[in-house]
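Student: Pasting a structure below so you can have a look.
Nothing in this text is a laboratory measurement; each read-out follows from the coordinates by a stated rule. Keep in mind that what you see is a predicted model, and the values were worked out from it rather than measured. Using ideal geometry, Cβ is built from the backbone for each residue, glycine included, and neighbour counts are taken over all protein chains shown.
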């Protein structure tokens, strides 16, 4: 049971209803995940979802790479809904099942592609140290370019916020779905 009341459309004020309708009509098509919490602050919700739309659908990173960063973030925060939602997207985007499973089990994956290894090193170092070394930055910039590194940091920040929202408000998984991540 979430800590914050999910709102039915009939319970929403005009600003909340506008946000709801925008999400439902857009590429997400669902009010799952953080949106049922964020709707309690519709101006924030609208601004946050615009950043999320860019991070998920329009960043310089191809889906295989952005989903890798999202899964690393979900695993960092043990964000069950985020993992549940994005593990299938990562697989569909071209990330291997072996990498996904290694991340789920908190093991270092074996990477065949240098761009995936660079993202993994960047993300894990940033989460561990709260910064990245010059060597890690340069290796990631070589693989992604400067815009790619900026977008990667944006993805990490956005999905950390999503993960915090999911965890703080205890947003549930769909009925019948077991938590995919061990604490």
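Student: May I ask for the angle, rounded to the nearest 10°, between helix 63-77 and the longest principal axis of the chain, with both axes built from Cα atoms and the value confined to 0 to 90°?
Tutor: 70 degrees
Student: Taking 0.36 nm per intervening residue step and subtracting the Cα-Cα distance, what contour gain separates residue 15 from residue 53 on full extension?
Tutor: Additional length available on full extension: 11.8 nm.
Student: Put a dot 7 Å past each Cα toward the Cβ at residue 98 and residue 5; how far apart are the dots in nm?
Tutor: 5.1 nm
Student: Let me ask something additional. Between the range 44-75 and the range 104-182, how far is it from one alpha carbon centroid to the other, in angstrom?
Tutor: Going from one Cα centre to the other spans 10 Å.
Student: Ok, one more. Which angle between 0 and 90 degrees, to the nearest 10, do you get for helix 42-53 versus the longest principal axis of the chain when only C-alpha atoms count?
Tutor: Taking Cα atoms only, the helix is inclined about 30 degrees.
Student: Using Cβ counts within 10 Å as a stand-in for footprinting exposure, how do 130, 163 rank, fewest first? Walk me through the numbers before you get to the answer.
Tutor: Working: 130 7, 163 24.
The order, fewest Cβ neighbours first, is 130, 163.
Student: To make sure I understand, if each residue's beta carbon is the centre and we count other beta carbons within 10 Å, what order do 71, 156 fall in, fewest to most? Walk me through the intermediate numbers first.
Tutor: Numbers: 71 24, 156 21.
The fewest-first ordering by Cβ neighbours comes to 156, 71.
Student: Order of 8-14, 86-92, 117-123 by packing, highest average Cβ count within 10 Å first?
Tutor: Numbers: 8-14: 10.0, 86-92: 17.9, 117-123: 22.1.
Descending mean neighbour count gives 117-123, 86-92, 8-14.
Student: Using Cα pairs closer than 8 Å and at least 6 residues apart in sequence, work out the relative contact order for the chain, in percent.
Tutor: It comes to 32 percent, rounded to a whole number.
Student: Can you compute the modelled spin-label distance between residue 105 and residue 43, with each label point 7 Å from Cα toward Cβ, in nm?
Tutor: For residue 105 paired with residue 43, the spin-label model returns 4.9 nm.
Student: Sorting 18, 50 on the 10 Å Cβ count, fewest up front, what's the list?
Tutor: Ranked by crowding around the Cβ, least crowded first: 50, 18.
Student: Now, a different point. First check a/c for the range 1-50, with a ≥ b ≥ c the square roots of the eigenvalues of its C-alpha gyration tensor; if it is under 1.5, answer rounded, and if not, answer prolate when a/b is larger than b/c or oblate otherwise.
Tutor: Rounded is the answer for the range 1-50, as its axis ratio a/c remains below 1.5.
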